Amino acid sequence: MTEQSPSRLPEPRIAPSVAPSTNSHLQIADVTKNFASQAVLKGVNLSVAKGGTTAIVGPSGSGKTTLLRLIAGFEHPATGSISLNGTKVAGDGVWLPAHRRQVGYVAQDGALFPHLTVGQNIAFGLDTAKLAGGRRGAAGRISELLEMVSLDAAMAKRRPHQLSGGQQQRVALARALAREPELMLLDEPFSALDAGLRVATRRAVAKVLNKAGVTTILVTHDQAEALSFADQVAVMRGGKLAQIGNPFVVYTRPPTAPPRNSWATPSSWTPGWKAHWPRAHWAEFPCAARLPRAGSS
Ligand SMILES: Nc1ncnc2c1ncn2[C@@H]1O[C@H](COP(=O)(O)OP(=O)(O)OP(=O)(O)O)[C@@H](O)[C@H]1O
Ligand SMILES: [Mg+2]
């Protein structure tokens, strides 16, 4: 990869307005959300292209999960609107319920049905009418999905409480993949996995989603994950998206010093980070994003 001086990179977009785009899958315009007297989202704007992959990073409590729940249709925005494929699904008096949005959601805690086995949890997401062999074909598809998330097919008979936290997370991923959604929302789906399994599972999931052209939003605290997974990174701070752009630009050109407890390691923000980061960090893992040309973002 040719090294490009960070000083020649374009300025990141800060809290951009949402420009209408024909290629846009998801459009969030000026969305706010309150819980009692607490303003949790304070005017969020975001556009995600069809088939695009966006990582949302930010400190704990900044509103990342709340934003995903609004997109999925589990919460109503107080003001503003959300559109999918150019059609408004929430806001301005419009409301499309979650089950009609073609959105897959892997919750931060997995949220498996405790009374169902692993197989039944995954089958819940399957459209058996679409499967070759109907209900009989479901068993094969469940095994395939379990393999995709590195779980043994024999696990299908267990119940969630008989699994570790990381195994439950992977079943939740398999269940969401089974639905073959157009838009996938992943809320820290790999957080309970150890480093090796995390990379392997992330690669397997990214491959499946890319192949199917699924638009994806991933919430993560892991810088390497954001860089290897996403073609756009959005930084959430205090209920607002403070910065949105190409991952390389976002990570090398923060608008201000990062907040405490942020997703970035302190060493990458010290005065020397601009000079060292591309060599020391960028080259360490394969990156989904490509360097933008000067003048673009
Ligand atoms: N249903 C709810 N009722 C009241 N307050 C809520 C509710 N859901 C979230 N909150 C509050 O909204 C704020 C944002 O929560 P959210 O879960 O979106 O943060 P987050 O960025 O996902 O954090 P984390 O990285 O820890 O998962 C927090 O202060 C939280 O306590
Ligand atoms: Mg969260």
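The values are calculated or read from the model by the stated rules, or taken from the named source; none is laboratory data. Bear in mind that the values here come from a model prediction, so they are computed numbers and not experimental data. In this analysis, Cβ positions are derived from the backbone assuming ideal geometry, glycine residues included, and neighbour counts consider all displayed protein chains.
Taking the stretch 40-105 as the region of interest, the strands (runs of 3 or more DSSP E) fully inside it that hold 1 or more residues being among the β-branched types (Val, Ile, Thr) and over 20 Å from ASP231 (Cβ atoms) are 79-84, 87-91. Residues considered: SER47, SER62. Of these, the only one that is in contact with a strand residue (DSSP E or B) (Cβ under 9 Å, 6 or more places away or on another chain) and more than 16 Å from ligand 1 (Cβ to nearest atom) is SER47. Among the residues of the stretch 161-218, the ones that are touching a helix residue (DSSP H, G or I) at 6+ places or on another chain (Cβ under 8 Å), at positive phi and at pLDDT 90 or above come to 0 in all.
Would you confirm whether any residue within the stretch 208-217 is under 30 Å from GLN27 (Cα atoms), within 16 Å of ligand 1 (Cβ to nearest atom) and in contact (Cβ under 8 Å) with a residue 12 or more places away in the chain? Yes; the residues of the stretch 208-217 include at least one that is under 30 Å from GLN27 (Cα atoms), within 16 Å of ligand 1 (Cβ to nearest atom) and in contact (Cβ under 8 Å) with a residue 12 or more places away in the chain.
Residue count for the stretch 95-122 under the criterion of being under 22 Å from GLY213 (Cα atoms) and without any contact (Cβ under 8 Å) to a residue 60 or more places away in the chain: the result is 4. In the set (1) of a type outside the set (S, T, N, Q); (2) surrounded by 14 or more Cβ atoms within 10 Å (Cβ to Cβ); (3) under 29 Å from LEU26 (Cα atoms), VAL118 fails one condition alone, (3).
As a summary of the residue check, LYS42 satisfies the conditions (1) buried (at least 20 other Cβ atoms within 10 Å of the Cβ); (2) within 13 Å of ligand 1 (Cβ to nearest atom); (3) modelled with pLDDT of 95 or more except for the one numbered (1).
On the given criteria, is VAL89 free of Cβ contacts under 8 Å to residues at least 24 places away in the same chain and more than 22 Å from ARG237 (Cα to Cα)? Judged against the criteria, VAL89 is a match. For the stretch 231-245, the count of residues that are at positive phi and within 16 Å of ligand 1 (Cβ to nearest atom) is nonzero.
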